[in-house]
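What follows draws every value from the coordinates through simple rules; no lab data is involved. The structure displayed is predicted, hence computed values, not measured ones. Heads up, the Cβs are rebuilt from the backbone with ideal geometry, glycines too, and the neighbour counts pull from every protein chain shown.
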């Protein structure tokens, strides 16, 4: 059985004050509620918060932060808890701040192509609202109930990476409550209250709150770029017998920048669900599949994209690679082109066979390192009886992108969880040594990053954190500093 | 008679299959257009994880099983009962936990009852009433017949099946019999049967509660007592009074007989030769055979509320129990064919003059009225408040009438309409049918 979270100290005085700030029904120290926030789907060990509160207004959050800062109590921001890095599991107890009641879509500007949302807005909710304007966003392969805001501020991946960049690159403005309780704005909304269209050309202060794992403030409003839905979808699907050939194809195709999403997955990840424990791939099955989503506004545009793709396929075949135009497994394709999706979302395709647990070495890695890293990962994962269920996605206009292995495990078993954790951390070390950087990293990863980090980077990180959060109360410990 | 009712321990493997992904929190459909709505009444009201959907209930179950959470804590006890067990979350889940979600929730309640802490105080009265009066409403047996007074007055008495044979047993259910507002349901049903010349009878004062409420609040022993009694009664009625069909207008009774009674080791033997139908199924057959003919117009704008117990609770899940297909315990697929989604809609649309409009959350994604899982008794105020949310959704369609096929929903939604001062009125489908039939 997996580890039981250790009991923590609850001070009735603090509970009383939290109820005064947040409202009687929005603050609790009840054990069963704290228990429900003590774990997520990752290998990170369960830990209890001491209190849980739900915010409904920005003013409540400000007052909460002033109080927590005065009392030096940690605050852990939480929206849907669907990240797989244990980011909302408290390292040092404290107040878990659940933001999902703040779920208003404040504005959609269909002309200027941006939306302003509160942190609790889910992908499913925003997808519905945007569709009414025939607009879209880069929906990730997360649950429809996951938070758009949390995904974006933590450099989450979306289905439009190859066209518009990462979801964090879509951020146009922010309103943030600092750990000391002040309300700040960055981007155009800092100058004109109702203008949320751009973080440029001002200093990019949004960087103070992106990728910090909730360690520098509470984002209370977020502006994001949204885009029209082109009516003509074409998905190019190919397979290769080895990772090198697949890399060659992706590199070639990405040069033309015709895809919204250019992704390849290993045979194990193309299965719904990922086999657990490791199962050998049938000899006749290709080892890699790729789907490349393209969306066009006219039939002619679509045909032009097809022409480019056919040219790339011909070129790759002439090189003598194992590339074949092929069918992608039907349910897996649906799971990746009909987003947000209940099929993915870390559920059916990822964990269903293993049971409850999923973690990853999820990284941004130079594309020319994908093949060597995959080869090492594969050996290592199979050695741990885990499937090498790996994904590679090219980002906008560059030759680097996501390299990650989705590793399901049986969370009911402490041994199997630990086996997965070890394998994943080992995989991460391999990737780091090839120049990759993990995103949404659990503390185990943070430690490995920091071991390799330039001392000046760590000094700057500490200094910025100290400036914004002098008492180290915002999700402390997650940066492994 | 042996009963195969799972303990929480039996289900441990399944609640450990929950990935805590939160997909269960909202009803979602890719479309296009995409569709997302809240689906969990408890999550909507209380907000904290734990209260929210099947993810929260898996957390509670894990906490009980690892000893972290105990029913000595009255707040925890209450939290376990603050769930309508509507199955809305189950409809979203994609993993092996899915088929077992309501069972896990009820197994926690059985643990609570076994510990002496559960159910909630008001629900304890309900179960005690079952023990005293064979119904959960503390009603003396003779009161069970109150709803039949208009028939006696009109000199069209309803046959007592204990004394006169009939092919159809109309199993009235306690809510229809004892709840003044819900009495309209059995009255309309009986009038329809009389108009159509159906050879039917009722058990009258000797009818015993189906046991659904006891089962929903975790009192398995009381459920077994009444269910055993009823199975024996049904067998006797079949053998001695020629009963071939049991018809009920109560979604709770229907669900209990269809899904809970099959946990008996002797179900097949006791029910041999007897078909169990909801009134809507029975009447839909007659409609298709041309025997149910509407003559009167009802110039109403109507929307339909799918009760949980006649909807997604009737899903049939295919589970790979022996691991021969996928792996041991794998959820393979779901069959919705027994869910009563289309039949009531087809009947409503067949009534002359009715203009039918749908709410946003329908069929498998219907939003629970808030009365299920013992909540109407245990947390009356919240049940009414939640019903108000559903009524609001109905009002947004422009409908004047909300129709359903469950006396619980009927009563609770009526309370919800009062609470928000809505002009929308509740009707059981049998009432519409009765009005549209010739006298």
Discussion item. Calculate the FRET efficiency for residue A:330 and residue A:368 from the Cβ-Cβ distance with a Förster distance of 25 Å, rounded to the nearest 0.05.
Written reply: 0.20
Worksheet item: Hey, rough spin-label estimate for residue A:375 and residue A:112, points 7 angstrom out along Cα→Cβ, what's it come to in nanometres?
Response: 5.1 nm
Worksheet item: At what distance in nm do the modelled label points of residue A:6 and residue A:242 sit from each other, each positioned 7 Å from its Cα along Cα→Cβ?
Response: 5.0 nm
Fill in: Principal-axis tilt of helix B:184-196 within chain B, Cα atoms, nearest 10 degrees
50 degrees
Fill in: Relative contact order (percent, whole number), segment B:1-118, Cα cutoff 8 Å, 6+ residue spacing
33 percent
Worksheet entry | Highest-fluctuation residue, B:351, B:192, B:262 considered, GNM on chain B with Cα pairs under 10 Å | B:262
Worksheet item: Taking the simple approach of a point 7 Å from Cα along Cα-to-Cβ for both residue B:13 and residue B:266, what is their distance in nm?
Response: 3.0 nm
Worksheet item: Expressed as an acute angle from 0 to 90° and rounded to the nearest 10, what is the orientation of the C-alpha long axis of helix A:370-383 relative to the principal long axis of chain A?
Response: 80 degrees
Item to complete: Mind sorting A:454, B:309, B:13 by how few other Cβ atoms lie within 10 Å of their own Cβ, fewest first?
Response: A:454, B:13, B:309
Discussion item. Can you give me the C-alpha center-to-center distance between segment B:66-139 and segment A:156-180, rounded to a whole angstrom?
Written reply: 43 Å
Worksheet, complete the sentence: In the protein assembly as shown the DSSP beta bridges are antiparallel at a rate, in percent to nearest 5, of 70 percent
Worksheet item: Taking the Cβ-Cβ separation of residue B:72 and residue A:418 as r and a Förster radius of 30 Å, what is the calculated FRET efficiency to the nearest 0.05?
Response: 0.40
Discussion item. For chain A, what does the helix formula give at 222 nm: sum of -39500 (n - 2.57) over DSSP H segments with n ≥ 4, over the residue count, nearest 500 deg cm²/dmol?
Written reply: -9500 deg cm²/dmol
Worksheet item: Stretched out fully, how many nm does the piece from residue B:45 to residue B:124 gain, at 0.36 nm a residue minus the Cα gap?
Response: 26.1 nm
Item to complete: List B:368, A:240 from most exposed to least, where exposure is judged by having the fewest other Cβ atoms within 10 Å.
Response: A:240, B:368
Worksheet item: At 222 nm, what helix-only mean residue ellipticity would chain B give, in deg cm²/dmol to the nearest 500, using -39500 (n - 2.57) for each DSSP H run of four or more?
Response: -11500 deg cm²/dmol
Worksheet entry | Whole-angstrom gap from segment A:357-398 to segment A:100-131, using each part's C-alpha centre | 33 Å
Worksheet, complete the sentence: Taking every DSSP bridge whose two residues both lie in chain B, the antiparallel percent to the nearest 5 is 35 percent
Practice prompt. May I ask you to derive the FRET efficiency for residue A:232 and residue A:133 from their Cβ-Cβ distance with R0 = 22 Å, giving the value to the nearest 0.05?
Written response: 0.75
Discussion item. I'd like to compare B:249-256, A:30-37, B:196-203, B:153-160: which one has the highest average count of other Cβ atoms within 10 Å, and what's the full order after that?
Written reply: B:249-256, A:30-37, B:196-203, B:153-160
Response to the item:
So the angle from the long Cα axis of helix B:121-133 to the longest Cα principal axis of chain B, reported in degrees to the nearest 10, equals 50 degrees
